[in-house]
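Worksheet: the structure to be examined is printed underneath.
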Amino acid sequence: MYSLVNYNYDLPEEFIAQEPAGKRDQSRLLSLGRMTGEVSHHLFYELYSLLLPSDVLVVNNTEVIPGRLLGHKDTGGKVEALILNYAGSYKKKEKNKEFVFECLLKASKRPKQGTLFVFDQELKAEVIDFQNGIHTLRFFYDGDFENLLYRIGNMPLPPYIKRNDGVFPCNDRKSYQTVYARQKGAVAAPTAGLHFSEKLLEKIKSIGVNIVEITLHVGYGTFLPVRVPDIRDHKIHSEQYCISKNGAATINCAKAKGGRIVAVGTTCVRSLEFASDNNGNVSYGSGNCDLFIYPGYRFKVVDAMITNFHLPQSTLLMLVSAFAGRKNILAAYNEAIKERYRFYSYGDAMVIM
């Protein structure tokens, strides 16, 4: 149960989705019985028929920033910077026009402290620190930095999508973003939410389901592999979250009345479980979530979840295995491969109830 090799499966590369479904809610949906392991197949827009009027659907309203910047060193070599900690850092620095961010860098060789980079629209940056594989850059721009970023930045597509944004007819600025995204700061999309259309959300509301928005800014750590043979030794990344007072009250009220809490994505699962007490009461507020959920974890709040298909040996695969059982999950994944489902961020979805 705790051995990393137990969370492996073989996925042919052809099943890794390189672009989204033609329409958000037209992706496929595999339904998995949490206790029984029973599987059935649907289209995502049929989700409303699986929900109950007493349910609360919890979604993550984080917005992916186009924080991938392409430029060059002042000496000429190409460089790529990915801003990691935009949420929080930007608001603090905005007033004095000092824009300092932690970044992942791609360059021919590691740049030294003091190295200067040049990006589009006369944006420049200086390397001021390097720790644990992360560079700290000070950006120089005498104007609206956020506006500039949204003009020249690229969407940070996951590394298994082997193309630049916008190469397919899809517009990644729109498709790699949920329809309810409104809180800027994520490095990656909460991908389970990509399947929802405005029309489907209205349909879900019309049957009496309450929809609660929370925020968890997805960090690059979501893509980092587990490298220890015993998963209990893995140190998970920390991500900023926020749950409103009204949102927590709606969730707690529904739980008290026997309603189900349906979390959209692993980000919502982690946030809700992190912010709850041993009795399953969710506290409102904000902070940094560093909860690592793996088999053996006792869920206190979440009763059902909607999620995508995750990478082998990933913390996300371990989370869903904790929720529905490792054998059930791997059997469902094998069924999905057999039925030619599309995997990962732009892929199809599953609902576990």
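The values are calculated or read from the model by the stated rules, or taken from the named source; none is laboratory data. Keep in mind that this is a model prediction, so the values were computed, not measured. For neighbour counting, all protein chains shown are included, and Cβ atoms are generated from backbone atoms with ideal geometry for every residue, glycine included.
Points to keep in mind about this one:
- Matching residues in region 282-326 - criterion: being within 26 Å of residue 229 (Cα to Cα), of a type in the set (Ser, Thr, Tyr) and not in a strand (DSSP E or B): 294, 297, 314, 315, 321
- Matching entry among 331, 324 (being more than 15 Å from the chain's Cα centre (by Cα) and within 18 Å of residue 2 (Cβ to Cβ)): 324
- Residue in region 261-278 that is out of contact with any helix residue (DSSP H, G or I) (no Cβ under 6 Å at 6 or more places or on another chain), at pLDDT below 95, farther than 18 Å from residue 189 by Cα and not in a strand (DSSP E or B) present: yes
- The strands (runs of 3 or more DSSP E) located wholly in region 160-249 that include 3 or more residues which are crowded, with 20+ Cβ neighbours inside 10 Å occupy 210-216, 239-243.
- Any chance residue 326 is closer than 30 Å to residue 18 by Cα, modelled with pLDDT of 95 or more, assigned by TED's automatic domain parsing to the domain that holds residue 48 and surrounded by fewer than 18 Cβ atoms within 10 Å (Cβ to Cβ): yes
- Matching option when the condition is over 29 Å from residue 19 (Cα atoms) and either small (Gly, Ala, Ser) or free of Cβ contacts under 8 Å to residues at least 12 places away in the same chain (or both), among 107, 125, 81, 87: 125
- Top-ranked residue of region 103-119 - restricted to ones that are of a type outside the set (A, V, I, L, M, F, W, C) and surrounded by fewer than 18 Cβ atoms within 10 Å (Cβ to Cβ), ranked as nearest to residue 219 (Cα to Cα): 106
- Restricting attention to region 279-308 and to residues that are touching a helix residue (DSSP H, G or I) at 6+ places or on another chain (Cβ under 6 Å) and of a type in the set (Phe, Trp, Tyr), the residue that is surrounded by the most Cβ atoms within 10 Å (Cβ to Cβ) turns out to be 294.
- Restricted to region 11-37, and to residues there that are of a type outside the set (Gly, Ala, Ser) and assigned to a strand (DSSP E or B), the residue that is farthest from the chain's Cα centre (by Cα) is 32.
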